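Notes for the one structure printed next.
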Amino acid sequence: MLGFLTARQAGLDDPLRLRRAESTRRVLNLELNHDRDVDRIHSNGVNTIDIEVIEGRYMLSGGADGVIVVYDLENNSRKPQYTCKAVCTVGRSSRYVHRFSVETVQWYPHDTGMFVSSSFDKTMKVWDTETLKPAEVFQFEGNVYCHHMSPIARKHSLIAVGTKDQKVQLCDLKSGSRIQVLQGHRGEVLSVRWSPRYEHILATASTDSRVLVWDVRRASGSLFSLDQHNGDKSKASSEAVNTAHNGRVNGLCFTVDGLYLLTTGTDDRMRLWNSANGKNTLVNYGKVSNESRKGLKITVSRSCSPEFVFVPCGSSVAVYTLHTGELVTMLRGHYNNVDCCQFHPDYQELYSGGKDCNILAWVPVVRPPDVEEGTAVKGGSQATVNPAFEDSWSSDED
C-alpha cells in the first residue's frame, strides 16, 4: 500500500490504480460483521434489497410478508457496535401495504424521494418516501415478478415490468400508463434489466430458458436471443437452440460498464455474455446451485481489479472472479436460503437477505500492520513491524 501511495504522490501512477487496489483488498476481506446488526422487521423471508446511490445511506427491503422497510445504514452513534435502524415501514397495518409477497424494490435512480415496489398481488406501486403513500399504482393481469428503472435514462422514464403472462410491459412514469408491450417470450418473465451503458437497451429473462435483448425504440421485436452454444447447432439439441440455459433463467445483471451481462439459471450454471453481440464468453464458473423458482438477485462489484460477482447459493453467498470464473470464497451466515444481495460501492460492503428473515452485513476486516519484507520470523510468531506503522512514542525516560 505504501508503494501505491508513493507512486501516486510522485505522479508515476494513475490515482485510480490506488483506488482499485484498495477496493479489491476490501472485497477480498469481506466477513460477517458481528458488531453491525440490521433491524429484523420482516416476519417472512427477505426477497429484495436496494441501496440508493445518491448518498449511499438508505436501504430498501421487501419481504414475502408484503412489508417494505427503509433502513438508515449510517452509524450515528459512532460506536463500534450499532444497529441499522428502520427509519420507516409500510407494515401490515397500513392501508397501502401489498397484499402478497413483494418481489422487487428499487429506489428512483436520481432522487431518494421516490421508490417503486412490485408484488404478487399483481400491482406495481410508485411511492412517495416522505408520506409512504403510493403516488401511482399500476395494475397487471398476472403476478409481477420483477421491475427495473434505467439508472442512466434521460430521454425516457420507463419502468420495465416482468409478469406471469409472458409479456414485458413498459410503464411510463410521466403519463402513468402502460405504453408498450414486448412480446417474444414463451414463459413467465422472471428478471428484467436496463443497460447501464445505453438507455434504450433492455435484457429480459424467462422460464422458457431464453434471454432476449431489446432496443425499445424498435417495434419489430428483440435485437437478438442469447445462445449458449454461440450458433453451433452441432452442440445443441433441437430444444436448446437459441437458449441461454437448460432451465429457467431467473437472474440478470449487467456489469457496471454495461459491456457484459451475467445470467443465472436453474441448470446450476452462470454465464457471462458480451452485451454488444450476445456471444457467450465461455467463462466456466462451475456448478452454481440455484433452486429458486422466482427471480434471483445477483450483484457485481465496482472499481475493483479484477471485478467480482456475488451470487446467492443456498444458504451462502458465493463470490466469483468475474472474468476467470474462480470461486474466491463462500460467505456463510444465513440459516436458510439467500434470495438477494446488494453491493455497496462506496464502502465495498455487501448486504444479503434470505428466507431466515435476516439481513446480514458483510464488511471488510481491518487490515493488520504490514510486515517488513525480507525479515526473518523467529519461531513463526514474531516479526518486525514496518516502521511506517510503528508508534514513535515511548515511555522510556532514557
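The values are calculated or read from the model by the stated rules, or taken from the named source; none is laboratory data. Because the structure is predicted, anything quoted here is derived from the model rather than measured. For neighbour counting, all protein chains shown are included, and Cβ atoms are generated from backbone atoms with ideal geometry for every residue, glycine included. The protein model used for the area step is the full one, side chains on, heavy atoms only, and it has no ligands, DNA or RNA in it. Shrake-Rupley method; radii C 1.70, N 1.55, O 1.52, S 1.80 Å.
Computed quantities for the displayed model
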| read-out | value |
| --- | --- |
| Tally of residues being under 26 Å from Y320 (Cβ atoms), in a strand (DSSP E or B) and open to solvent by 20 Å² or more (accessible area, probe 1.4 Å) across the stretch 39-65 | 1 |
| Any pair with Cβ under 6 angstrom, 6 or more apart, that starts in the stretch 286-304 at a residue that is over 16 Å from V338 (Cβ atoms) and ends at one that is part of a loop (DSSP other than H, G, I, E, B) and modelled with pLDDT of 90 or more | K287/D268; V300/T255; S301/E307; R302/V256; R302/P345 |
| Condition met for S206 (of a type in the set (S, T, N, Q), touching a His at 6+ places or on another chain (Cβ under 7 Å) and closer than 20 Å to G278 by Cα) | yes |
| Which numbered condition E141 fails, given (1) part of a strand (DSSP E or B); (2) open to solvent by 40 Å² or more (accessible area, probe 1.4 Å) | (1) |
| Wholly enclosed strands (runs of 3 or more DSSP E) of the stretch 191-300 bearing at least 1 residues charged (D, E, K, R), crowded, with 20+ Cβ neighbours inside 10 Å and touching a strand residue (DSSP E or B) at 6+ places or on another chain (Cβ under 7 Å) | 269-274 |
| Residue within the stretch 89-97 that is within 29 Å of D35 (Cβ to Cβ), open to solvent by less than 30 Å² (accessible area, probe 1.4 Å) and not in a strand (DSSP E or B) present | yes |
| Residues located in the stretch 105-138, provided they are assigned to a loop (DSSP other than H, G, I, E, B), under 12 Å from E52 (Cα atoms) and either of a type in the set (S, T, N, Q) or in contact (Cβ under 8 Å) with a residue 24 or more places away in the chain (or both) | Y108, P109, H110, D111, T112 |
| Residue list for the stretch 146-166, filter: open to solvent by 20 Å² or more (accessible area, probe 1.4 Å), in contact (Cβ under 8 Å) with a residue 24 or more places away in the chain and not aliphatic (A, V, I, L, M) | H148, P151, R154, K155, H156, K164, D165, Q166 |
| Answer residue from the stretch 301-343, given it is closer than 23 Å to V192 by Cα and polar (S, T, N, Q) and is most open to solvent (accessible area, probe 1.4 Å) among those | N337 |
| Condition check for E74: open to solvent by 60 Å² or more (accessible area, probe 1.4 Å), under 16 Å from C171 (Cα atoms) and either among the charged types (D, E, K, R) or assigned to a strand (DSSP E or B) (or both) | no |
